[in-house]
Structures are given as structure tokens and as C-alpha cells.
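Peer 1: Below you will find the structure I want to go over with you.
The values are calculated or read from the model by the stated rules, or taken from the named source; none is laboratory data. All of these numbers come straight from a predicted model, not from anything done at the bench. Here the Cβ positions follow ideal geometry from the backbone for every residue, glycine too, while neighbour counts run over all protein chains shown.
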Amino acid sequence: MADGRWQMADGRWQMADGRWQMADGRWQMDTLATMERYSHTQSSFVWLFVLSIVETLAVVTVLLSGAPIIGLVVVMTVTSLAIVIGLTFSRLTVEVHDEGVTVFFGRGWPKRFIRFGDIASARKVRNSAWVGWGLRWIPGGSVWNVWGLDAVELALTSGKRWRLGTDEPDTLLAALAGSVPTEGAHPRVL
């Protein structure tokens, strides 16, 4: 029986908006039913191109040096592994939902979710070139970036900082604005 807020669906009681449901005798939040306010994937395949050139040069060098076939196998294995790692870290997706921010590389690993309650503030920043790309640890926090210098820095309530590289920092800040205190465009270079 439904009372306006609760309804029976697929043999389970759930809230009318579909967010909470009874499953296996426990109340669970259906994270797929949360409202997504922002989603953007930034890609960079530049360093995959560089890795491909390095692999080609390594194979040619091994072949021309007359090294045994095991040398070629080792070179191919190591550089192929580097390309797989490159594919993983060549895409960064940032999603802003009703409950918080989800960020992940490649097809979903590594992945991190931060609830809005754990974010003290957000602001637009600019990384220096030495910070680099990929997953980096910086003084007081970390940087997740695939390309470029622009980022949005989340100051967490724990005192740590988390910088999210993006090619559209203003749009990301606008998506965060309703749930997190944001500072305007006051870029800070680290």
C-alpha cells in the first residue's frame, strides 16, 4: 500500500523518488537514481602517441642490435604495459550529483567519491607545469589531471586539498555552487 511517499516497485518498498529502497532486509540508497547535475570527460592521447613512438624505437633498437628474442619480448611486454597504463590515465571524468562529486580515470579506476558535507569550499586554480599529469600528491593533498593547467580545488573539511584538472573550470564551479561555498576566479598557482 502506498501513502504518497512510499510505493511498492519490483516487489520492494521504495520512496516515490526512487532514492531509498528496501533490499535484502536493509534500507539502501539507489545511487543510480541520484540526480546528475554535471558530467564531463576530459581526454588526452598525446602521451599515448609518445609511448607508441618510444615502443617502436625500442623494438627497432633491439632488432638492429642482434639481441636474442627474449630482449624483444621484454621490450614489447614493458612498453605494452606502459600503453595500458597510459590508456587508463588518459581520460578523467568528473560528475557532480545530488550527494557529492565522483571523479574517475579511464573506465572507472581509480575512482573517488566525496560527499558535499566533506567539502569546505571550492575554487578555480591554475597548476604550475611541474605538477604534471596523472594522479599526483602535492603538499596537503592530491591532483587528478590528464591535460592542461586549469583545475578546481576542493578544500576538504579534513584540511586536505583535492585538485581536479578540467578544461572547463567555470562550468564545474557553477555545478558546485549550490552545494559548496565557492570562491570566484581567484587562480592560485601551485
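Peer 1: Please verify whether Ser80 is touching a residue at least 40 places away in the same chain (Cβ under 8 Å) and of a type in the set (Ser, Thr, Tyr), treating the condition exactly as stated.
Peer 2: Criteria not met by Ser80.
Peer 1: Here is a follow-up. What is the one condition in (1) assigned to a strand (DSSP E or B); (2) in contact with a strand residue (DSSP E or B) (Cβ under 6 Å, 6 or more places away or on another chain) that Trp137 does not satisfy?
Peer 2: All conditions are met except number (2).
Peer 1: Which of the residues spanning the range 161-174 are buried (at least 22 other Cβ atoms within 10 Å of the Cβ) and part of a helix (DSSP H, G or I)?
Peer 2: Within the range 161-174, Pro169, Leu172 qualify.
Peer 1: What are the residues in the range 86-97 that are modelled with pLDDT of 90 or more and not hydroxyl-bearing (Ser, Thr, Tyr), if any?
Peer 2: Arg91, Leu92, Val94, Glu95, Val96, His97
Peer 1: Taking the range 66-85 on its own, how many of its residues are at pLDDT 85 or above and among the hydroxyl-bearing types (Ser, Thr, Tyr)?
Peer 2: Qualifying residue count, the range 66-85: 1.
Peer 1: Would the range 163-173 turn up any residue that is under 17 Å from Glu36 (Cα atoms), among the aliphatic types (A, V, I, L, M) and over 15 Å from the mean Cα position of the chain (by Cα)?
Peer 2: yes
Peer 1: Take the residues of the range 146-160 that are surrounded by fewer than 19 Cβ atoms within 10 Å (Cβ to Cβ) and within 14 Å of Val180 (Cα to Cα): which is nearest to the chain's Cα centre (by Cα)?
Peer 2: Checked the range 146-160; the qualifying residue nearest to the chain's Cα centre (by Cα) is Leu156.
Residue-by-condition table, conditions (1) assigned to a helix (DSSP H, G or I); (2) surrounded by fewer than 16 Cβ atoms within 10 Å (Cβ to Cβ); (3) more than 11 Å from the chain's Cα centre (by Cα):
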| site | (1), (2), (3) |
| --- | --- |
| Val74 | yes, yes, yes |
| Thr77 | yes, yes, yes |
| Ser80 | yes, yes, yes |
| Ile85 | yes, yes, yes |
| Leu92 | no, no, no |
| Arg107 | no, yes, no |
| Phe113 | no, yes, no |
| Val125 | no, no, yes |
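Peer 1: Could you list, in sequence order, all residues of the range 146-158 that are in a loop (DSSP other than H, G, I, E, B) and over 12 Å from Ile119 (Cβ atoms)? Before the answer, list the steps.
Peer 2: Within the range 146-158, the first condition is being in a loop (DSSP other than H, G, I, E, B), and the residues that meet it are 146-149, 157-158.
Within the range 146-158, Val146, Trp147, Gly148, Leu149 meet the criteria.
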